[in-house]
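Novice: One structure coming up, written as structure tokens, with questions to follow.
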Amino acid sequence: MENKEIDKAIIEKIIRIKQKSGNKLVILTHHYQRKEIIDLGDHKGDSFGLSQRAATDKNAKYIIFCGVHFMAESAAILAKAHQTVQIPDMDAGCWMADMADAFLVERAWNEVAAIVGENRTTPLVYMNSDAYIKAHCGKNNGAVCTSSNAPKAFEWALGQREKIFFFPDEHLGRNTGNHLGIPEDEMILWDPEKPLGGNSESDIKKAKVLLWKGYCLVHTRFTINDIKTMRKNFPDAKIVVHPECTGEVVKASDAVGSTSFIVKYVSNAPKNSTIIIGTEINLVKRLVTGCPDKRILPLKDSLCPNMYKINLKNLLACLENIGKINIVTVDEKIKKYAVIALENMLNL
Ligand code: 13P
Ligand code: SF4
């Protein structure tokens, strides 16, 4: 059989399983999934929207999460006891999430507390992190945030205590601080490979925001030169980027926001306008085909190989083994605290 025929046969099988399962089964798809996966999903969204969905959908016994592991893990933390969360490929990880090692995070946290005192810092963790880091934040009265609610989460955190320790995305943290008018010299970088993160005690005392040195390889590929070239070639275009891009790329763009924000931005743009997008290529490609009345261009081709691990074959395998394979579980001791941090975000 040709590849196309194989895909067609798989799609038919998936549709049959979905029809047979009714509302016992829900397939959640992140915006960066391939088109054929999105087409088979029940709900698509950004990491915040999908976590809300997982927290409120009480009917589905089986939640199939087509995204990366930290997203499925967050769904598993928020799901009810009768629900099972599965991911088509257990190896669909996230490089940025891997940059915040639990041991190094705890060591850094204790070092900062020893310098500024206990209860002076609110931990905030980006959704792109593993459950252990979320639990660390929950245990220390912090919260999770996503790219769609980071400014709100920063304001909340600074209302609790005088400092924020933000993990693990330096750029989302700095872009959010800039957006809120926090002076650049009050945001310091914490490099876990250096003593005291590469800072002096007085830098740490003075800082309002401490930024863990983590980043997304997919979004930091966009450069200021890409923006300059596009501005030159398309002077009337609007440029919109994801907040995981570097600060200089964000400052040179017209708008910045989460994947859902980008989808809305494009849908609200006037007919015949040109929009250049700095985020993962599968979302950009879908917007190109979905909005034939607008010219949509990628700032550059940048694919997330982790998101791309989910495909028709492993989705079918997951559905044929519903409740049996690739079940995402979280240790109860970790869940108990991680859920506090996630609920603090949902209540923002
Ligand atoms: P969103 O929060 O916009 O869904 O983004 C998640 C992500 O992993 C971006 O790289
Ligand atoms: Fe992680 Fe970047 Fe992929 Fe998002 S795009 S899942 S941050 S590696």
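Novice: Go through (1) more than 24 Å from P305 (Cα to Cα); (2) buried (at least 17 other Cβ atoms within 10 Å of the Cβ) one by one and return the number of the condition K264 breaks.
Specialist: In the conditions (1) more than 24 Å from P305 (Cα to Cα); (2) buried (at least 17 other Cβ atoms within 10 Å of the Cβ), K264 misses (2) alone.
Novice: Another one. Name the strands (runs of 3 or more DSSP E) wholly within the range 177-262 that hold at least 1 residues that are over 30 Å from R161 (Cβ atoms) and touching a residue at least 24 places away in the same chain (Cβ under 8 Å)? Step through it out loud before you land on a result.
Specialist: On the way: elements: 187-190, 209-212, 238-241.
Filter on the range 177-262 gives 238-241.
Novice: Still on this structure: For the range 52-74, state whether one or more residues are among the small types (G, A, S), buried (at least 18 other Cβ atoms within 10 Å of the Cβ), under 24 Å from P195 (Cβ atoms) and in contact with a Phe, Trp or Tyr (Cβ under 6 Å, 6 or more places away or on another chain).
Specialist: no
Novice: Take the residues of the range 243-264 that are small (G, A, S) and under 16 Å from K300 (Cβ atoms): which is farthest from the chain's Cα centre (by Cα)? Quick ask: steps written out before the conclusion?
Specialist: First pass over the range 243-264, keeping only residues small (G, A, S): 247, 252-253, 255, 257-258, 260.
Now drop any that are not under 16 Å from K300 (Cβ atoms), which leaves 252-253.
Details: A252: 22, S253: 20 Å.
Top of the filtered list is A252.
Novice: Here is a follow-up. Quick check on my filter: what residues within the range 288-309 are aliphatic (A, V, I, L, M), farther than 13 Å from H242 by Cβ and in contact with a helix residue (DSSP H, G or I) (Cβ under 6 Å, 6 or more places away or on another chain)?
Specialist: Answer for the range 288-309, where residues must be aliphatic (A, V, I, L, M), farther than 13 Å from H242 by Cβ and in contact with a helix residue (DSSP H, G or I) (Cβ under 6 Å, 6 or more places away or on another chain): I296, L303.
Novice: Looking at K80, K20 in this structure, which one is at pLDDT 95 or above, out of contact with any Gly (no Cβ under 7 Å at 6 or more places or on another chain), of a type in the set (D, E, K, R) and away from ligand 1 (no atom under 16 Å from the Cβ)?
Specialist: Numbers: K80 fails: at pLDDT 95 or above.
Among K80, K20, only K20 is at pLDDT 95 or above, out of contact with any Gly (no Cβ under 7 Å at 6 or more places or on another chain), of a type in the set (D, E, K, R) and away from ligand 1 (no atom under 16 Å from the Cβ).
The values are calculated or read from the model by the stated rules, or taken from the named source; none is laboratory data. Keep in mind the model is a prediction, meaning the values are calculated, not measured. Counting neighbours? That spans all protein chains shown, and the Cβs are built from the backbone with ideal geometry, glycine included.
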